[in-house]
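What follows is one structure encoded as structure tokens, with my remarks underneath.
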Amino acid sequence: MNIDLGIDTLEKLLFPLGYKQDLSQAKPIFWKNIGQNDLRSPYAFSLVIVTLDQFTVFIEGLNEPRLKRAIDAGIIEINSPEDVEALKEVVFETTLDNQEKLETVLPFFEEQLNLIETEPIYSDDYKRALSNIELLIEAANVIEY
């Protein structure tokens, strides 16, 4: 049985995982920082954002230290919020009527984030976590017909 996702459900799922809430935007946003120092991989997220849209829940990630290095080097330029939006990686999205899908993916994703935060970047577990996050992103970007 599918249960509709809403802000109350997201609070119950995300607050225990250390997410904070920002209600100052047009859409409810939950966010959390991940302590990591990998400047090589875009999938070594330092920031994860969960957005509740009208019909969808999105999980996106961004490696801010890597982004800052690229900006400082003049490789990319940020002139608007849309520029930042384009640099986020969509890790997962689901419709509001599919809480089960979120409840399946979220614990796995959080486990990968924990490995990125706690394991040395040269370890097999760390490399596997990055690969798993990349697979989630690839799956999220597959267009369903």
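The values are calculated or read from the model by the stated rules, or taken from the named source; none is laboratory data. Model, not experiment: these values are computed from the prediction. Methodologically, a virtual Cβ is constructed for each residue, glycine included, from the backbone with ideal geometry; neighbour enumeration extends over all protein chains shown.
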For region 88-105 the number of residues that are more than 14 Å from T51 (Cβ to Cβ), surrounded by fewer than 17 Cβ atoms within 10 Å (Cβ to Cβ) and touching a strand residue (DSSP E or B) at 6+ places or on another chain (Cβ under 8 Å) is 1
If I ask for residues that are polar (S, T, N, Q) and either farther than 25 Å from L115 by Cα or touching a residue at least 40 places away in the same chain (Cβ under 8 Å) (or both), which ones from region 45-79 would you list?
Q54, T56, N79
Candidate set: region 104-145, residues that are among the acidic types (D, E) and modelled with pLDDT of 90 or more; chosen: the one farthest from G6 (Cα to Cα)
D124
With the condition being touching a Lys or Arg at 6+ places or on another chain (Cβ under 9 Å), I'd like the helices (runs of 4 or more DSSP H) fully within region 52-145 carrying at least 3 qualifying residues.
99-118
Across (1) exposed (fewer than 11 other Cβ atoms within 10 Å of the Cβ); (2) in contact (Cβ under 8 Å) with a residue 24 or more places away in the chain, E82 clears everything bar (2)
Confirm whether L39 is assigned to a loop (DSSP other than H, G, I, E, B), modelled with pLDDT under 95 and touching a strand residue (DSSP E or B) at 6+ places or on another chain (Cβ under 6 Å).
no
